[in-house]
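Single-structure report; data block below.
The values are calculated or read from the model by the stated rules, or taken from the named source; none is laboratory data. Here the structure is a predicted model, which means the values were calculated and not measured. FYI the Cβ positions are ideal-geometry reconstructions off the backbone, even for glycines, and counts take in every protein chain you see. Accessible surface areas use protein heavy atoms only, side chains included; no ligands, DNA or RNA. Shrake-Rupley method; radii C 1.70, N 1.55, O 1.52, S 1.80 Å.
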Amino acid sequence: MESSTKSGAPGEVRRRSHRRAMYAAAALCATAALAACSSSSSSSTAASPTASGSSAPSGSASASGQTVGVSLILKTLTNPYFVTMKNDAEAAAAKDGVNLTVAAGSSDGDTQTQITAIDNAISRGDKGILITTNGNAVNAALNQARQAGLFVIALDTAPTPPSVADITYATDNTAAGKLDGQYAAAMLGGKPAVIAMLDLFNNQVVSVDVDRDHGFLEGMGINPGSTTENGQEAKTGTYAGGGKYTIACHQPTQGAIDGGRTAMENCLSANSNINVVYAINEPAAEGAYAAI
(Lines give C-alpha, C1' and ligand atoms only; values in the text may rest on other atoms or scores of the structure.)
Protein backbone atom coordinates (compact mmCIF):
# COMPACT_ATOMS: atom_id res chain seq x y z
CA MET A 1 0.00 0.00 0.00
CA GLU A 2 1.29 3.39 -0.97
CA SER A 3 0.05 6.75 0.23
CA SER A 4 2.26 9.79 -0.04
CA THR A 5 2.61 13.50 -0.33
CA LYS A 6 4.60 14.76 -3.30
CA SER A 7 7.72 14.60 -1.14
CA GLY A 8 8.21 10.90 -0.39
CA ALA A 9 7.97 9.66 3.18
CA PRO A 10 11.31 8.66 4.78
CA GLY A 11 11.52 4.91 5.17
CA GLU A 12 8.58 4.25 2.81
CA VAL A 13 10.70 2.15 0.44
CA ARG A 14 11.91 0.13 3.41
CA ARG A 15 8.32 -0.41 4.62
CA ARG A 16 7.18 -1.48 1.15
CA SER A 17 10.05 -3.99 0.93
CA HIS A 18 9.14 -5.34 4.36
CA ARG A 19 5.48 -5.79 3.38
CA ARG A 20 6.43 -7.56 0.16
CA ALA A 21 8.81 -9.87 2.01
CA MET A 22 6.17 -10.60 4.63
CA TYR A 23 3.52 -11.58 2.09
CA ALA A 24 5.98 -13.58 0.04
CA ALA A 25 6.88 -15.45 3.22
CA ALA A 26 3.19 -15.94 3.98
CA ALA A 27 2.56 -17.39 0.54
CA LEU A 28 5.57 -19.67 0.88
CA CYS A 29 4.61 -20.75 4.39
CA ALA A 30 0.98 -21.26 3.52
CA THR A 31 1.84 -23.42 0.51
CA ALA A 32 3.88 -25.72 2.71
CA ALA A 33 1.21 -25.62 5.42
CA LEU A 34 -1.50 -26.73 2.99
CA ALA A 35 0.64 -29.67 1.98
CA ALA A 36 1.19 -30.66 5.60
CA CYS A 37 -2.46 -30.15 6.58
CA SER A 38 -3.82 -32.17 3.70
CA SER A 39 -1.53 -35.12 4.30
CA SER A 40 -1.89 -35.05 8.08
CA SER A 41 -5.56 -35.92 7.68
CA SER A 42 -4.58 -39.20 6.07
CA SER A 43 -1.08 -39.92 7.35
CA SER A 44 0.39 -39.82 10.84
CA THR A 45 3.87 -39.13 9.46
CA ALA A 46 3.12 -35.68 8.06
CA ALA A 47 5.35 -32.95 9.44
CA SER A 48 4.13 -29.55 10.62
CA PRO A 49 5.49 -26.44 8.87
CA THR A 50 8.50 -24.89 10.53
CA ALA A 51 8.85 -21.20 11.35
CA SER A 52 10.68 -20.68 8.06
CA GLY A 53 7.73 -22.05 6.11
CA SER A 54 9.28 -25.37 5.10
CA SER A 55 8.10 -28.84 6.00
CA ALA A 56 9.45 -32.33 5.82
CA PRO A 57 9.03 -34.05 2.43
CA SER A 58 6.39 -36.37 3.92
CA GLY A 59 4.11 -33.33 4.24
CA SER A 60 3.70 -33.04 0.47
CA ALA A 61 2.11 -36.35 -0.39
CA SER A 62 -1.08 -38.09 0.62
CA ALA A 63 -1.24 -41.57 2.14
CA SER A 64 -1.71 -42.98 -1.37
CA GLY A 65 1.51 -41.37 -2.50
CA GLN A 66 -0.16 -38.83 -4.76
CA THR A 67 1.28 -35.34 -4.97
CA VAL A 68 -0.75 -32.74 -3.16
CA GLY A 69 -2.30 -30.08 -5.40
CA VAL A 70 -2.59 -26.44 -4.29
CA SER A 71 -3.90 -23.43 -6.22
CA LEU A 72 -2.48 -19.93 -5.81
CA ILE A 73 -5.00 -17.43 -7.21
CA LEU A 74 -3.72 -13.86 -7.38
CA LYS A 75 -5.32 -10.51 -8.22
CA THR A 76 -3.00 -9.90 -11.19
CA LEU A 77 0.47 -10.72 -12.44
CA THR A 78 1.19 -7.13 -13.50
CA ASN A 79 1.91 -5.93 -9.95
CA PRO A 80 5.48 -6.79 -8.82
CA TYR A 81 4.05 -7.47 -5.35
CA PHE A 82 2.05 -10.43 -6.61
CA VAL A 83 4.84 -11.59 -8.93
CA THR A 84 7.08 -11.89 -5.86
CA MET A 85 4.38 -13.86 -4.09
CA LYS A 86 4.07 -16.21 -7.08
CA ASN A 87 7.83 -16.76 -7.37
CA ASP A 88 8.29 -17.58 -3.69
CA ALA A 89 5.28 -19.88 -3.62
CA GLU A 90 6.65 -21.75 -6.63
CA ALA A 91 10.00 -22.11 -4.89
CA ALA A 92 8.32 -23.53 -1.79
CA ALA A 93 6.17 -25.87 -3.87
CA ALA A 94 9.21 -27.21 -5.73
CA LYS A 95 11.06 -27.78 -2.46
CA ASP A 96 8.19 -29.62 -0.81
CA GLY A 97 6.94 -31.57 -3.82
CA VAL A 98 3.64 -29.69 -4.07
CA ASN A 99 1.81 -29.50 -7.40
CA LEU A 100 1.17 -25.73 -7.47
CA THR A 101 -1.19 -24.19 -10.01
CA VAL A 102 -1.01 -20.39 -10.37
CA ALA A 103 -3.83 -18.29 -11.79
CA ALA A 104 -4.48 -14.56 -11.76
CA GLY A 105 -7.04 -12.05 -12.88
CA SER A 106 -6.32 -9.94 -15.95
CA SER A 107 -6.73 -6.84 -13.77
CA ASP A 108 -7.80 -5.82 -10.28
CA GLY A 109 -11.49 -6.58 -9.98
CA ASP A 110 -11.44 -9.51 -12.45
CA THR A 111 -13.44 -11.92 -10.31
CA GLN A 112 -14.62 -14.15 -13.16
CA THR A 113 -11.12 -15.43 -13.90
CA GLN A 114 -10.65 -16.14 -10.20
CA ILE A 115 -13.98 -17.99 -10.03
CA THR A 116 -12.92 -20.15 -12.96
CA ALA A 117 -9.63 -20.92 -11.21
CA ILE A 118 -11.50 -21.93 -8.04
CA ASP A 119 -13.79 -24.21 -10.04
CA ASN A 120 -10.74 -25.76 -11.70
CA ALA A 121 -9.11 -26.35 -8.32
CA ILE A 122 -12.20 -28.25 -7.16
CA SER A 123 -12.31 -30.29 -10.36
CA ARG A 124 -8.60 -31.19 -10.08
CA GLY A 125 -9.05 -32.38 -6.53
CA ASP A 126 -6.64 -29.82 -5.07
CA LYS A 127 -6.27 -29.88 -1.31
CA GLY A 128 -6.25 -26.13 -0.83
CA ILE A 129 -6.48 -22.64 -2.27
CA LEU A 130 -4.41 -19.54 -1.54
CA ILE A 131 -6.20 -16.46 -2.84
CA THR A 132 -5.87 -12.68 -2.95
CA THR A 133 -9.51 -11.98 -3.74
CA ASN A 134 -10.59 -9.49 -6.38
CA GLY A 135 -13.98 -8.99 -4.77
CA ASN A 136 -16.95 -10.54 -3.01
CA ALA A 137 -18.17 -12.17 -6.22
CA VAL A 138 -15.72 -15.04 -5.55
CA ASN A 139 -17.34 -15.88 -2.20
CA ALA A 140 -19.85 -18.42 -3.52
CA ALA A 141 -17.10 -20.31 -5.36
CA LEU A 142 -14.88 -20.31 -2.26
CA ASN A 143 -17.76 -21.65 -0.18
CA GLN A 144 -18.19 -24.45 -2.71
CA ALA A 145 -14.47 -25.20 -2.48
CA ARG A 146 -14.64 -25.49 1.30
CA GLN A 147 -17.72 -27.70 1.05
CA ALA A 148 -15.69 -29.91 -1.29
CA GLY A 149 -13.02 -30.23 1.41
CA LEU A 150 -10.45 -27.68 0.22
CA PHE A 151 -8.69 -25.53 2.82
CA VAL A 152 -8.94 -21.84 1.85
CA ILE A 153 -6.30 -19.29 2.86
CA ALA A 154 -6.85 -15.61 2.03
CA LEU A 155 -3.77 -13.44 1.46
CA ASP A 156 -3.39 -9.65 1.36
CA THR A 157 -7.12 -8.85 1.34
CA ALA A 158 -9.53 -10.13 3.97
CA PRO A 159 -12.71 -11.48 2.40
CA THR A 160 -16.08 -10.07 3.43
CA PRO A 161 -17.18 -11.77 5.59
CA PRO A 162 -13.87 -13.16 6.91
CA SER A 163 -15.53 -16.56 7.46
CA VAL A 164 -15.35 -17.18 3.70
CA ALA A 165 -11.74 -18.28 4.27
CA ASP A 166 -10.41 -20.72 6.85
CA ILE A 167 -7.63 -18.26 7.72
CA THR A 168 -6.34 -14.90 6.48
CA TYR A 169 -2.79 -13.51 6.32
CA ALA A 170 -2.97 -9.73 5.79
CA THR A 171 -1.70 -6.46 7.15
CA ASP A 172 -4.03 -4.17 9.07
CA ASN A 173 -4.87 -1.96 6.10
CA THR A 174 -6.71 0.61 8.20
CA ALA A 175 -3.72 1.03 10.50
CA ALA A 176 -1.38 1.32 7.51
CA GLY A 177 -3.55 4.05 6.03
CA LYS A 178 -3.63 5.91 9.34
CA LEU A 179 0.15 5.98 9.54
CA ASP A 180 0.36 7.52 6.08
CA GLY A 181 -2.35 10.05 6.90
CA GLN A 182 -0.61 11.04 10.11
CA TYR A 183 2.64 11.51 8.22
CA ALA A 184 0.96 13.69 5.58
CA ALA A 185 -0.70 15.87 8.23
CA ALA A 186 2.60 16.30 10.07
CA MET A 187 4.44 17.23 6.86
CA LEU A 188 1.82 19.85 6.00
CA GLY A 189 2.20 21.46 9.42
CA GLY A 190 -1.12 23.29 9.26
CA LYS A 191 -0.79 24.47 5.64
CA PRO A 192 -3.85 24.08 3.38
CA ALA A 193 -4.21 20.53 2.05
CA VAL A 194 -5.65 19.89 -1.40
CA ILE A 195 -6.01 16.12 -1.52
CA ALA A 196 -6.31 13.68 -4.42
CA MET A 197 -7.77 10.32 -3.40
CA LEU A 198 -6.71 7.65 -5.89
CA ASP A 199 -8.76 4.61 -4.92
CA LEU A 200 -9.05 1.13 -6.34
CA PHE A 201 -12.61 1.19 -7.69
CA ASN A 202 -15.66 3.39 -7.94
CA ASN A 203 -18.07 0.65 -9.01
CA GLN A 204 -17.54 -2.08 -6.41
CA VAL A 205 -16.56 -2.42 -2.76
CA VAL A 206 -13.43 -4.32 -1.71
CA SER A 207 -12.24 -4.32 1.89
CA VAL A 208 -8.66 -3.28 1.13
CA ASP A 209 -9.92 -0.27 -0.87
CA VAL A 210 -12.19 1.01 1.88
CA ASP A 211 -9.80 0.22 4.73
CA ARG A 212 -6.83 2.05 3.23
CA ASP A 213 -8.87 5.04 2.05
CA HIS A 214 -10.64 5.46 5.40
CA GLY A 215 -7.46 4.83 7.37
CA PHE A 216 -5.68 7.59 5.48
CA LEU A 217 -8.50 10.07 6.10
CA GLU A 218 -8.66 9.14 9.78
CA GLY A 219 -4.89 9.61 10.04
CA MET A 220 -5.39 13.09 8.57
CA GLY A 221 -8.08 13.72 11.18
CA ILE A 222 -10.90 13.63 8.61
CA ASN A 223 -14.10 11.67 9.26
CA PRO A 224 -14.68 9.24 6.33
CA GLY A 225 -18.43 9.75 6.71
CA SER A 226 -19.21 6.05 6.18
CA THR A 227 -18.00 2.67 7.37
CA THR A 228 -18.57 0.91 4.05
CA GLU A 229 -18.12 3.41 1.18
CA ASN A 230 -15.42 5.70 -0.11
CA GLY A 231 -16.07 9.32 -1.00
CA GLN A 232 -18.57 10.06 1.76
CA GLU A 233 -16.38 12.45 3.77
CA ALA A 234 -17.03 16.20 3.87
CA LYS A 235 -15.20 17.70 0.90
CA THR A 236 -13.90 20.66 2.90
CA GLY A 237 -13.06 21.15 6.56
CA THR A 238 -10.19 21.10 9.02
CA TYR A 239 -7.62 18.32 9.32
CA ALA A 240 -5.50 17.36 12.33
CA GLY A 241 -3.25 20.24 13.34
CA GLY A 242 -5.75 22.94 12.47
CA GLY A 243 -5.15 23.27 8.73
CA LYS A 244 -7.89 23.50 6.14
CA TYR A 245 -8.41 20.67 3.65
CA THR A 246 -10.16 20.22 0.32
CA ILE A 247 -10.84 16.84 -1.26
CA ALA A 248 -10.06 17.57 -4.92
CA CYS A 249 -11.15 14.21 -6.30
CA HIS A 250 -11.86 10.52 -5.81
CA GLN A 251 -10.70 8.60 -8.86
CA PRO A 252 -10.48 4.84 -9.53
CA THR A 253 -7.11 3.41 -10.59
CA GLN A 254 -7.76 -0.36 -10.76
CA GLY A 255 -4.50 -0.55 -8.82
CA ALA A 256 -2.50 -0.17 -12.04
CA ILE A 257 0.14 2.23 -13.37
CA ASP A 258 -1.97 3.35 -16.33
CA GLY A 259 -4.99 3.76 -14.09
CA GLY A 260 -3.00 5.84 -11.63
CA ARG A 261 -1.70 8.09 -14.40
CA THR A 262 -5.17 8.66 -15.87
CA ALA A 263 -6.70 9.24 -12.44
CA MET A 264 -4.05 11.79 -11.53
CA GLU A 265 -4.42 13.59 -14.85
CA ASN A 266 -8.16 13.86 -14.22
CA CYS A 267 -7.57 15.17 -10.73
CA LEU A 268 -5.07 17.78 -11.87
CA SER A 269 -7.49 18.91 -14.57
CA ALA A 270 -10.11 19.43 -11.88
CA ASN A 271 -7.76 21.17 -9.42
CA SER A 272 -4.18 22.16 -10.23
CA ASN A 273 -3.46 23.04 -6.59
CA ILE A 274 -3.25 19.42 -5.36
CA ASN A 275 -0.41 19.01 -2.88
CA VAL A 276 -1.29 15.68 -1.22
CA VAL A 277 -1.82 12.41 -3.07
CA TYR A 278 -3.19 9.23 -1.54
CA ALA A 279 -2.89 6.10 -3.71
CA ILE A 280 -4.22 2.59 -3.12
CA ASN A 281 -0.94 0.84 -3.99
CA GLU A 282 2.52 1.23 -5.53
CA PRO A 283 1.53 0.84 -9.23
CA ALA A 284 -1.22 3.46 -8.87
CA ALA A 285 1.24 5.77 -7.08
CA GLU A 286 3.84 5.24 -9.82
CA GLY A 287 1.31 6.27 -12.45
CA ALA A 288 0.28 9.29 -10.40
CA TYR A 289 3.91 10.36 -10.02
CA ALA A 290 4.39 10.14 -13.79
CA ALA A 291 1.36 12.37 -14.33
CA ILE A 292 2.63 14.90 -11.78
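Some notes on this structure:
- For Leu130, distant residues with modelled amide H under 5 Å away: Ser71, Leu72, Ile73, Ile153
- Among residues other than Ala158 with Cβ under 14 Å from its Cβ, the summed charge is -3 (Lys and Arg +1, Asp and Glu -1).
- In Hz, Karplus ³J(HN,Hα) per residue of segment 168-177 (6.51, -1.76, 1.60; θ = phi - 60°; x = Gly, Pro): 10, 10, 7, 6, 7, 5, 5, 5, 4, x
- 1.4 Å probe accessible area per residue over segment 73-192, in Å²: 42 Å²
- Packing, taken as the mean count of other beta carbons within 10 Å per residue, orders the peptides 205-217, 277-289 from highest to lowest as 277-289, 205-217.
- Within segment 112-210, the ratio Rg/Rh, alpha carbon atoms throughout and Rh by Kirkwood, equals 1.14.
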